[in-house]
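Visitor: Structure provided below as structure tokens; questions to follow.
The values are calculated or read from the model by the stated rules, or taken from the named source; none is laboratory data. Being a predicted model, the structure only gives us computed values, none of them experimental. Positions of Cβ are backbone-derived with ideal geometry, glycine not excepted, and every protein chain shown enters the neighbour counts.
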Amino acid sequence: MKRTTGCVGLRHALLCGSVYLCWASSAVSQSSDEGSVWKRPILSFQGVPGIVDMPTAHQMPDANGTLSVNSTDVTQRNVFHFQISPRLSGVFRYSYIEGYGSGDGAYYDRSFDLRYQLADETARRPAVTVGLQDFGGTGIYGGEYLVASKTFGRVRATGGLGWGRLGTQGGFGNPLGFLSEAFDSRPDDSGEGIAQTGKFDADQWFRGEAALFGGIQFQATDRLVLSAEYSSDAYDPETARTDLDHQSPFNVAATYRVGGLDLTAAWLYGTTAGLQLSYTFDATDPLGPDNGRAGQGPVVPAASTAALGWDLPSGTGLIGAQGSLSEKAQAAFSAEGLALLSLDRDGDRVVVHYRNDRYLAEAEGLGRAARTLAAVLPAEVARITLVPRQGEIAPTAVTFARSDLADLQGDLEGGWNSLARARLEEGSVYPLDVRSGGYPRLTFGLSPYVGPTWSDPDNFIAESGLRATARMALLPGLTVETELRQPAFVRRVEPVPNLSDGSGTWPVVRTDAARYDDDTDLELRRLTADYHFRPGPELFGRISAGMFEQMYGGVSGELLWKPAGGRWGFGTELTWAAKRAPGEVFGFEDYTTTTGFASAYYELGDDYLLQLDVGRYLAGDIGGTLSLDREFANGFSVGAYATITEMSTDAFGEGSFDKGIRFSVPASWLFGTPSRSVYSTTWRPVTGDGGARVEQAARLYDRVRNMQPRELQEDWGRFWR
């Protein structure tokens with residue numbers, strides 16, 4: 001701990017002024033300027049809403065995410081901050097600290113934060129937030145805080161109390177000591193907790209000495225904010241192990257904002273210049289323009305179509321064999337990004353199986369398919385039943401009265417009225433005939449990729465290149481899929497964390513992943529045969545065999561119970577897995593194992609999905625995984641998970657247990673044009689052998705849920721796009 005005496009008067013003035021302004025009378029109100037920079041807080045060099053290096057109490061707007069990159073004399077940080085809910089936010093921080101590692105080498109630190117706003121700002125009270133900093137990483141930045149912030153026109157004042165790392169500058173006895181003597185001391189208070197990486201260390205929270213911090217921010221213009229703070233972080237670990245020269249607790253900064261970009265220049269510790277660039281985005285507001293979203297035009301009334309003289313005999317199911325109607329329907333579907341698989345007429349109704357290849361929301365594909373058919377079918381066809389299929393799964397069938405499509409197309413409430421008049425039922429009622437002409441069917445694609453690898457799990461650009469995918473549908477329910485990757489750029493961080501020497505008591509199942517990532521040769525990532533079937537009402541089944549992923553192949557079976565209108569889902573999965581041989585296309589090593597899981601899913605509402613998996617993992621360890629995801633209507637999702645098994649934290653190594661955050665970003669969100677392409681990735685602090693699971697591209701829950709009535713109804717506003 002470090003105490004300074006040379007600036008006591010200035011320190012007390014700044015702290016007292018900040019605290020006084022936070023709790024002052026409401027005589028001075030917040031700025032009413034709609035263009036005020038306060039609508040989105042400035043971020044600190046820790047990547048959270050803050051002054052310069054210290055946190056503030058205001059949160060980012062709900063669903064906002066921020067990517068920050070900053071650099072000082074010995075430290076570089078890459079930070080992702082996401083506003084999980086209006087009050088709760090999470091942070092993943094990846095830091096490079098020069099000279100902090102063994103032998104004066106660099107150290108790559110990974111840490112997580114959580115912040116919760118206890119009270120938002122009103123005319124009479126400040127915003128109040130409690131935070132845990134680096135609660136699940138090495139503990140290098142480990143600390144807790146309680147902070148209050150208040151806005152007075154162009155001035156925002158902050159005062160707070162910090163513990164742990166944030167209680168090392170000018171510290172004093174813990175004010176929580178009156179609750180229990182346990183708060184008076186902090187276990188393992190070295191601040192160098194590399195050996196404890198990944199443990200939550202709840203026994204340290206809000207314990208030991210505390211210290212005050214505070215500061216003031218001034219909105220000089222609508223784009224420029226000036227900040228000054230007194231920091232309660234003495235940077236003891238860095239001064240002891242690196243060349244960082246910490247001479248003063250006072251930090252100042254200037255931040256210039258242009259749209260979602262913030263550029264901050266700072267003078268830190270009395271000795272060091274710092275620079276930070278932050279980009280903020282709103283997950284509910286796509287980055288790309290809204291291209292390709294216009295409706296396809298008015299529905300052609302049945303009377304107009306009859307004059308064209310097209311006809312379709314009852315019982316027809318063959319595509320491409322009925323002259324002009326099937327050919328025109330097929331061409332019209334293709335123009336809308338849909339693949340017509342089967343068109344069968346039964347009296348005044350047609351039943352159409354199709355695949356949506358363009359629209360992320362299945363309701364939008366339904367709207368396009370319905371309007372396309374209404375424009376080409378004979379006049380005597382009064383009802384249209386659509387059976388959308390994805391991955392040879394068809395959970396739902398939707399029937400429309402043709403006249404409703406014509407009547408409601410100009411209705412302001414046409415979308416919801418069309419839903420009220422439609423009939424949604426079980427898709428298995430309408431099986432697809434293998435003689436329909438839709439089989440065999442080949443689809444393929446080529447796209448770039450970039451992301452982490454098993455051996456470098458938190459490096460966003462560890463590897464990039466080209467990815468080729470192909471899928472052959474042989475029969476209804478039966479497919480063969482493959483994925484090839486050609487790495488073009490490989491960027492590894494050395495040394496690889498948790499690299500096993502094979503001497504442990506648990507099998508090595510993931511920590512030898514560097515053997516699979518050591519070159520840029522063409523890779524067969526996946527080659528599987530998958531069979532999807534319906535064993536009963538509200539039941540879905542899958543059997544898969546082949547090369548599941550980069551490291552494992554085998555045989556897998558899954559059963560899912562997912563009621564069409566329910567929030568719950570339950571599933572089981574059993575997999576016999578064999579470890580693939582690096583550098584061999586179809587070779588396997590000697591290690592084999594059986595994994596099995598029971599899974600429960602629950603839609604919490606407000607876009608949140610909770611999932612619990614319990615079972616046996618790749619190394620034979622027994623445990624469970626709890627995950628929480630927030631999924632937005634536009635397809636963007638962000639979530640986090642943690643896995644605890646019987647494998648000890650010592651056996652797991654750095655990281656202590658498996659955990660991470662994951663994202664799914666639709667191409668339509670990025671570019672604004674309709675697309676089903678989604679970029680998904682998971683960031684893990686490290687890769688360990690505990691809690692490891694085989695990756696399965698064909699798992700059932702997401703495929704089934706996205707096409708069931710509950711999800712269709714949530715997206716029905718896109719029906720008339």
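Visitor: As an exercise: evaluate Y430 against (1) hydroxyl-bearing (S, T, Y); (2) touching a strand residue (DSSP E or B) at 6+ places or on another chain (Cβ under 7 Å); (3) assigned by TED's automatic domain parsing to the domain that holds D517 and give the number of the one condition it does not meet.
Guide: With respect to (1) hydroxyl-bearing (S, T, Y); (2) touching a strand residue (DSSP E or B) at 6+ places or on another chain (Cβ under 7 Å); (3) assigned by TED's automatic domain parsing to the domain that holds D517, Y430 is out only on (3).
Visitor: Can you tell me which residues in the stretch 439-475 are modelled with pLDDT under 90 and in contact with an Asp or Glu (Cβ under 6 Å, 6 or more places away or on another chain)?
Guide: Scanning the stretch 439-475 gives T453, S455, A462.
Yes or no, residue by residue, for (1) farther than 21 Å from T645 by Cβ; (2) in a strand (DSSP E or B):
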{"position": "A577", "(1), (2)": "no, yes"}
{"position": "G583", "(1), (2)": "yes, no"}
{"position": "F586", "(1), (2)": "yes, no"}
{"position": "Y591", "(1), (2)": "no, yes"}
{"position": "G596", "(1), (2)": "no, yes"}
{"position": "S599", "(1), (2)": "no, yes"}
{"position": "L609", "(1), (2)": "yes, yes"}
{"position": "G615", "(1), (2)": "no, yes"}
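Visitor: While we're on this one: Would you mind stating whether L373 is over 24 Å from D530 (Cβ atoms) and either hydrophobic (A, V, I, L, M, F, W, C) or surrounded by fewer than 17 Cβ atoms within 10 Å (Cβ to Cβ) (or both)?
Guide: Values: over 24 Å from D530 (Cβ atoms): yes; either hydrophobic (A, V, I, L, M, F, W, C) or surrounded by fewer than 17 Cβ atoms within 10 Å (Cβ to Cβ) (or both): yes.
The answer is yes for L373.
Visitor: Do we have any residue at all in the stretch 218-232 that's at pLDDT below 95 and either aliphatic (A, V, I, L, M) or not assigned by TED's automatic domain parsing to the domain that holds V147 (or both)?
Guide: No: zero hits.
Visitor: Hey, another quick one. Tell me whether the stretch 284-302 contains one or more residues that are under 18 Å from R383 (Cα atoms), at pLDDT below 75, among the hydrophobic types (A, V, I, L, M, F, W, C) and out of contact with any Pro (no Cβ under 9 Å at 6 or more places or on another chain).
Guide: So far as the stretch 284-302 goes, yes, one or more of its residues are under 18 Å from R383 (Cα atoms), at pLDDT below 75, among the hydrophobic types (A, V, I, L, M, F, W, C) and out of contact with any Pro (no Cβ under 9 Å at 6 or more places or on another chain).
Visitor: Still on this structure: Looking only at the stretch 681-721, count every residue that is small (G, A, S) and modelled with pLDDT under 90 and tell me the total.
Guide: From the stretch 681-721, those small (G, A, S) are 688, 690-692, 697-698, 717; that's our starting set.
If we keep only those that are modelled with pLDDT under 90 too, we end up with 688, 698, 717.
So the count comes out to 3.
Visitor: Now, a different point. Given the condition without any contact (Cβ under 8 Å) to a residue 40 or more places away in the chain, surrounded by fewer than 24 Cβ atoms within 10 Å (Cβ to Cβ) and in a strand (DSSP E or B), answer yes or no: does some residue in the stretch 151-171 qualify?
Guide: no
Visitor: Can you find, within the stretch 558-572, the residue that is surrounded by the most Cβ atoms within 10 Å (Cβ to Cβ) among those that are farther than 18 Å from E426 by Cα and touching a Gly at 6+ places or on another chain (Cβ under 8 Å)? Show your work before the answer.
Guide: Within the stretch 558-572, the subset farther than 18 Å from E426 by Cα is 558, 570-572.
Narrowing further to those that are touching a Gly at 6+ places or on another chain (Cβ under 8 Å): 558, 572.
On the way: E558: 22, T572: 14.
Within the stretch 558-572, the match that is surrounded by the most Cβ atoms within 10 Å (Cβ to Cβ) is E558.
Visitor: Related question: Tell me, please, whether a residue that is modelled with pLDDT under 90, surrounded by fewer than 18 Cβ atoms within 10 Å (Cβ to Cβ) and either assigned by TED's automatic domain parsing to the domain that holds A598 or assigned to a strand (DSSP E or B) (or both) can be found in the stretch 543-550.
Guide: Going through the stretch 543-550, the residues modelled with pLDDT under 90 turn out to be none.
No: zero hits.
Visitor: Another one. Looking only at residues in the stretch 113-131 that are part of a strand (DSSP E or B) and surrounded by 23 or more Cβ atoms within 10 Å (Cβ to Cβ), which one is modelled with the lowest pLDDT? Step through it out loud before you land on a result.
Guide: Within the stretch 113-131, the first condition is being part of a strand (DSSP E or B), and the residues that meet it are 113-119, 127-131.
Remaining after also requiring surrounded by 23 or more Cβ atoms within 10 Å (Cβ to Cβ): 113, 115, 127, 129, 131.
On the way: D113: 92, R115: 97, A127: 97, T129: 98, G131: 97.
Per the stated criteria, the residue is D113.
Visitor: Need the failing condition index for G620 against (1) part of a strand (DSSP E or B); (2) surrounded by fewer than 18 Cβ atoms within 10 Å (Cβ to Cβ), just the number.
Guide: G620 satisfies every listed condition except (1).
Visitor: With the checklist (1) over 21 Å from the mean Cα position of the chain (by Cα); (2) surrounded by fewer than 19 Cβ atoms within 10 Å (Cβ to Cβ) in hand, flag the one item A600 doesn't pass.
Guide: Against the list (1) over 21 Å from the mean Cα position of the chain (by Cα); (2) surrounded by fewer than 19 Cβ atoms within 10 Å (Cβ to Cβ), A600 comes up short only on (1).
Visitor: Additional query: Could you list all residues from the stretch 357-393 that are in contact with a Gly (Cβ under 7 Å, 6 or more places away or on another chain) and in contact (Cβ under 8 Å) with a residue 60 or more places away in the chain? If you could, list the steps in order and put the result at the bottom.
Guide: So in the stretch 357-393, the residues in contact with a Gly (Cβ under 7 Å, 6 or more places away or on another chain) come out as 357-360, 387-388, 392.
Those that are in contact with a Gly (Cβ under 7 Å, 6 or more places away or on another chain) and in contact (Cβ under 8 Å) with a residue 60 or more places away in the chain: D357, R358, Y359, L360, P388, E392.
Visitor: If L626 passes every condition in (1) surrounded by fewer than 19 Cβ atoms within 10 Å (Cβ to Cβ); (2) touching a Gly at 6+ places or on another chain (Cβ under 6 Å); (3) in a strand (DSSP E or B) but one, which one does it miss?
Guide: All conditions are met except number (2).
Visitor: Right, next: Would a scan of the stretch 615-623 turn up a residue that is more than 30 Å from R485 (Cβ to Cβ) and touching a residue at least 24 places away in the same chain (Cβ under 8 Å)? Before you say what the answer is, go through the steps one by one.
Guide: Taking the stretch 615-623 and keeping what is more than 30 Å from R485 (Cβ to Cβ), we get 622-623.
Going one step further and asking which of them are touching a residue at least 24 places away in the same chain (Cβ under 8 Å), we end up with 622-623.
Scanning the stretch 615-623, I find at least one residue that is more than 30 Å from R485 (Cβ to Cβ) and touching a residue at least 24 places away in the same chain (Cβ under 8 Å), so the answer is yes.
Visitor: Which of the residues belonging to the stretch 357-395 are within 21 Å of W416 (Cβ to Cβ) and within 25 Å of the chain's Cα centre (by Cα)?
Guide: Hits for the stretch 357-395 are Y359, L360, A361, E362, A363, E364, G365.
Visitor: Then there's this: May I ask you to list the residues in the stretch 678-708 that are of a type outside the set (A, V, I, L, M), in contact with a Ser or Thr (Cβ under 7 Å, 6 or more places away or on another chain) and either outside the structural domain of T482 (by TED's automatic domain parsing) or in a loop (DSSP other than H, G, I, E, B) (or both)?
Guide: T687, G688, D689, G690, G691, R693, Q696, Q708
Visitor: Answer yes or no: is there a residue in the stretch 352-363 that is under 23 Å from E714 (Cβ atoms), among the acidic types (D, E) and either at pLDDT 90 or above or out of contact with any Leu (no Cβ under 7 Å at 6 or more places or on another chain) (or both). If you could, list the steps in order and put the result at the bottom.
Guide: We begin by selecting, within the stretch 352-363, every residue under 23 Å from E714 (Cβ atoms); these are 354-363.
Applying the additional criterion that residues be among the acidic types (D, E) yields 357, 362.
Checking which are either at pLDDT 90 or above or out of contact with any Leu (no Cβ under 7 Å at 6 or more places or on another chain) (or both) leaves us with 357, 362.
Yes: the stretch 352-363 contains one or more residues that are under 23 Å from E714 (Cβ atoms), among the acidic types (D, E) and either at pLDDT 90 or above or out of contact with any Leu (no Cβ under 7 Å at 6 or more places or on another chain) (or both).
Visitor: Can you tell me which residue is nearest to the chain's Cα centre (by Cα) among those in the stretch 442-469 that are surrounded by 15 or more Cβ atoms within 10 Å (Cβ to Cβ) and over 21 Å from R510 (Cα atoms)?
Guide: Checked the stretch 442-469; the qualifying residue nearest to the chain's Cα centre (by Cα) is Y449.
Visitor: Still on this structure, please answer the following. Scanning for something aromatic (F, W, Y) and more than 19 Å from the chain's Cα centre (by Cα), does the stretch 657-672 turn up at least one residue? If you could, list the steps in order and put the result at the bottom.
Guide: So in the stretch 657-672, the residues aromatic (F, W, Y) come out as 657, 663, 669, 671.
Pick out the ones that are also more than 19 Å from the chain's Cα centre (by Cα) and you get 657.
Yes, because at least one residue in the stretch 657-672 is aromatic (F, W, Y) and more than 19 Å from the chain's Cα centre (by Cα).
Visitor: Do we find a residue being modelled with pLDDT of 90 or more, within 20 Å of F152 (Cα to Cα), assigned to a strand (DSSP E or B) and outside the structural domain of S656 (by TED's automatic domain parsing) anywhere in the stretch 71-94?
Guide: no
Visitor: Is the stretch 167-175 home to any residue that is hydroxyl-bearing (S, T, Y), over 27 Å from E121 (Cα atoms) and in contact with a helix residue (DSSP H, G or I) (Cβ under 7 Å, 6 or more places away or on another chain)? Talk me through it step by step, then tell me what you get.
Guide: Restricting attention to the stretch 167-175, the residues satisfying the condition of being hydroxyl-bearing (S, T, Y) are 168.
From what's left, over 27 Å from E121 (Cα atoms): 168.
Next, from what is left, pick out any that are in contact with a helix residue (DSSP H, G or I) (Cβ under 7 Å, 6 or more places away or on another chain): 168.
Yes, because at least one residue in the stretch 167-175 is hydroxyl-bearing (S, T, Y), over 27 Å from E121 (Cα atoms) and in contact with a helix residue (DSSP H, G or I) (Cβ under 7 Å, 6 or more places away or on another chain).
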